[in-house]
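The values are calculated or read from the model by the stated rules, or taken from the named source; none is laboratory data. From a predicted model like this one, the values you see are computed outputs, not experimental measurements. Please note: Cβ atoms are built from the backbone with ideal geometry, for glycine as well, and neighbour counts cover all protein chains shown. Note: areas computed on protein heavy atoms with side chains; ligands, DNA, RNA excluded. Shrake-Rupley method; radii C 1.70, N 1.55, O 1.52, S 1.80 Å.
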Amino acid sequence: RALPAAVGALCRALPPRARPAPDTLRRARFDRPQASLDFWRLLYALLKQIHGGKWAESDDIDNQIRFVKSALWYHGYGRPELYRLPSDGSAGSRELLLAFSWLLHRLSLLEQLLARNRVKTGDETSVCTCEDDLLNSQKGLTEIVPEYGPEDRVDVRYLQWLNGRLRFQWRSLHAQHQEQCKLLHKIHLFTSGSHMDQTLGHFSVTETDLVRQPENYKQLVQLLESETMQLEAFLEWKQLEPVYWQWMETVLDNMAEEGNPCESQDAHVERSGLPEVTSCCPWAGSLTEHIDRLSRDLMALRDQLQKLVTHRKAAWCEKVKTREEELQKEGFPATARKIQESVELRLQDLTYLCAPRKNRAHGLRRLVLRSKHPVSKSGWGRSVSQEPVSAAGAAEVIGELQVREASLGRELKQLREECRRRLDGIAEGLDGVICVTP
């Protein structure tokens with residue numbers, strides 16, 4: 001009784017354009033081929049929205065299947081049976097049901113879709129003052145850069161052209177963003193004091209458009225009603241979610257009982273190829289000799305590994321000794337000073353990373369105009385609140401970004417110096433070439 005309600009709530013919580021029929025999941029539970037195409041299209045539509053792409057219903061089914069497989073591989077879905085499914089979508093509905101359930105659990109699929117498809121009535125921007133772990137994970141990668149031969153060299157002029165093109169596009173994007181901020185500021189300033197909500201005090205772009213064109217409110221009301229129905233279905237789904245996972249456990253049990261015919265056939269061949277060991281078998285002595293021979297081989301391998309470890313350790317100690325002598329000849333104080341500068345740089349970054357993170361902001365924030373002297377228009381008779389709930393001040397965000405900019409600038413300087421030293425080392429090996437540093 002609860003299972004149909006759980007499946008129905010799950011389907012209603014999905015976006016309207018990618019909402020499957022509840023019967024599709026029930027048919028997939030019995031691996032019906034009629035549900036395969038519907039499931040491929042469902043996964044295609046959902047993953048397209050997750051990756052920020054546009055859903056094109058006119059795409060061929062083979063392109064949709066190829067995209068779904070690549071997206072699942074990207075997210076770490078490692079079940080090989082799914083990637084062996086035919087590209088025409090004629091089979092594999094139960095495998096697709098497993099992949100869909102894996103996405104529900106692993107990626108929090110419903111939460112992501114609800115956040116992406118949320119009706120935005122306010123002017124929002126993305127704010128992130130969290131420390132990105134990518135830069136920390138990439139530290140030290142320059143020490144293992146592979147050596148490229150002459151055939152692997154890339155034309156420097158092409159790299160310069162790519163760099164210039166990237167800079168031009170970045171400046172164009174920055175100029176467009178600045179223009180958008182100016183227009184938003186005008187709207188917020190001209191409508192200041194007109195909003196009923198004391199926390200906001202001004203209209204957003206959507207609200208301003210509704211004031212100018214009131215006939216568009218019907219479409220907005222329909223979108224809000226649809227989103228409300230999805231949220232209600234999501235709350236019902238969260239209550240009935242354990243029923244769905246119990247049902248999925250029965251699906252996995254049935255798959256384990258049925259098994260893969262190919263794998264079971266191979267296992268049967270392997271079992272049939274192995275002789276049965278009984279107490280009265282005539283070849284028990286030969287089996288014991290074979291085990292003894294394997295034991296002797298393992299002991300010999302262990303001795304070889306010990307000799308190899310001893311040899312490698314001696315070679316490493318010799319390299320360390322040679323390097324110490326080279327440092328003494330090159331000038332150990334200069335090398336120690338470079339090491340000290342590197343350590344100080346890392347300590348500065350560590351001080352920033354260990355700072356209190358109570359004001360770290362991440363996610364979408366609504367843009368609200370905050371003025372020292374708010375404009376109070378007649379008609380509402382209310383003053384605008386100066387402290388919005390859970391607000392992130394622009395000055396605080398700018399300060400956080402400036403600290404990160406300084407940290408990245410120091411790291412960039414260090415990387416440039418390291419690249420310059422490597423280029424100098426490469427230039428010394430080129431005959432007849434004069435390199436002038438900029």
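A few points about this structure:
- With respect to the conditions (1) under 17 Å from D123 (Cα atoms); (2) surrounded by 12 or more Cβ atoms within 10 Å (Cβ to Cβ); (3) within 34 Å of the chain's Cα centre (by Cα), W245 lacks only one, and its number is (1).
- Any hit, region 215-237, residues being among the β-branched types (V, I, T) and touching a residue at least 24 places away in the same chain (Cβ under 8 Å): no
- Test: residue in region 187-197 that is in a helix (DSSP H, G or I) and either farther than 17 Å from K120 by Cβ or among the acidic types (D, E) (or both): yes
- Taken over region 97-106, residues that are closer than 19 Å to H51 by Cα and open to solvent by less than 30 Å² (accessible area, probe 1.4 Å) amount to 5.
- Screening E258 against (1) over 30 Å from W102 (Cα atoms); (2) surrounded by 10 or more Cβ atoms within 10 Å (Cβ to Cβ); (3) modelled with pLDDT under 80 leaves a single unmet condition, (1).
- Only one entry in A35, A21 is buried (at least 20 other Cβ atoms within 10 Å of the Cβ) and closer than 30 Å to Q239 by Cα, namely A35.
- Tally, over region 211-223, of residues that are surrounded by 12 or more Cβ atoms within 10 Å (Cβ to Cβ) and closer than 23 Å to R116 by Cβ: 3
- Test: residue in region 401-416 that is modelled with pLDDT of 65 or more and within 30 Å of T121 (Cα to Cα): yes
- Residue check, Q178 modelled with pLDDT of 90 or more and among the polar types (S, T, N, Q): yes
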